[in-house]
Structure formats: C-alpha cells, structure tokens
C-alpha cells in the first residue's frame with residue numbers, strides 16, 4: 001500500500017496513465033484507511049516505470065488537484081504502481097490540514113468512488129472553469 005511521499009501511476013479507462021502523490025494516510029475506524037492524494041493534471045501514453053529525480057522535481061510545477069481524501073478500498077482497486085518518492089512540504093500539506101480539521105468536526109467527507117470517477121469530476125470541473133472564463137470575456 002502507498003506511503004507518504006509515494007508518487008504512483010494508475011491507468012484510466014481510456015488507456016492513459018496518470019500520476020498521484022500520496023500526502024497522508026489516516027486510519028479511521030468506521031471508514032477504514034483514508035488516503036489523501038494529490039492528482040497531477042496530466043496524462044501519458046505509456047506507464048513510466050521509474051521517475052528520475054529531475055522528473056520528480058518538475059512535477060512540483062505541474063498543475064494538480066492539491067488534495068482529496070479517498071477510501072483505501074478504491075486505492076487498492078486502482079492497482080497503483082509506485083514510480084518515485086517526493087516529500088511533501090508545508091505548502092503541499094495545507095489542503096490536507098484544512099480537510100482534517102473539518103473532518104474531525106464532522107464537516108468534511110471522504111470520496112467513496114473509484115479514482116476514474118474522481119478523474120472525470122476533475123476534467124468536468126476544469127472544462128466548466130474554462131467555459132466560465134470564456135463567458136467572462
């Protein structure tokens with residue numbers, strides 16, 4: 001299973017490969033494990049087996065969904081393959097800390113859907129944002 005700082009690939013239904021970054025893991029009695037991930041907004045035709053240090057460094061500049069908590073069962077189903085390690089810094093953990101505080105108060109939840117569905121939500125949100133910007137012009 002993933003550990004904090006792991007960068008892993010997963011293959012979408014379209015055959016494209018995507019990268020996620022494991023920010024934190026929380027054990028939670030009623031939900032099982034919760035993995036907090038950052039999803040990089042990029043797709044690759046081939047699965048990189050290993051990312052070199054300079055490739056990992058460049059990932060910090062790639063657009064990403066900064067944090068989303070997902071139940072462990074969906075991580076297991078995604079068949080993730082670790083391709084590198086990149087230690088999160090304080091700024092990378094900001095979204096996690098805000099979510100964790102809200103979660104502890106019962107004001108935030110956890111994704112209980114496959115990574116593929118979350119990816120679809122990301123793409124839909126990006127498309128909507130682009131459409132809204134076009135409307136503003």
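Numbers for the structure displayed
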{"read-out": "Sites residue 123 and residue 1, calculated FRET efficiency, Cβ-Cβ separation with R0 35 Å, nearest 0.05", "value": "0.85"}
{"read-out": "Stretch gain in nm, segment residue 116-residue 27, where the contour uses 0.36 nm per residue and the Cα spacing is subtracted", "value": "29.7 nm"}
{"read-out": "From the C-alpha gyration tensor of the chain, square roots of 5λ in Å", "value": "22, 21, 16"}
{"read-out": "Selected from 104, 92, 57 as most flexible by GNM, with the chain as the system and alpha-carbon contacts under 10 Å", "value": "104"}
{"read-out": "Footprinting exposure proxy for 43, 22, 86, 1 (fewest neighbouring C-beta atoms within 10 Å first)", "value": "1, 43, 86, 22"}
{"read-out": "Estimated distance in nm for a label pair at residue 57 and residue 16, the labels positioned 7 Å out from Cα along Cα-to-Cβ", "value": "2.8"}
{"read-out": "Relative contact order computed over the stretch 6-136 (Cα-Cα under 8 Å; 6+ residues apart), in percent", "value": "26"}
{"read-out": "Highest to lowest packing among 33-39, 125-131, 111-117, scored as the average C-beta count within 10 Å", "value": "33-39, 111-117, 125-131"}
{"read-out": "Chain lengthening between residue 77 and residue 41 when straightened (0.36 nm per residue, less Cα-Cα)", "value": "10.9 nm"}
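Each value in this text was obtained by applying a stated rule to the coordinates, not by laboratory testing. Worth saying up front: this structure is predicted, and the values here are computed from it rather than measured. As a convention, Cβ positions derive from the backbone with ideal geometry for all residues, glycine included, and neighbour counts pool all protein chains shown.
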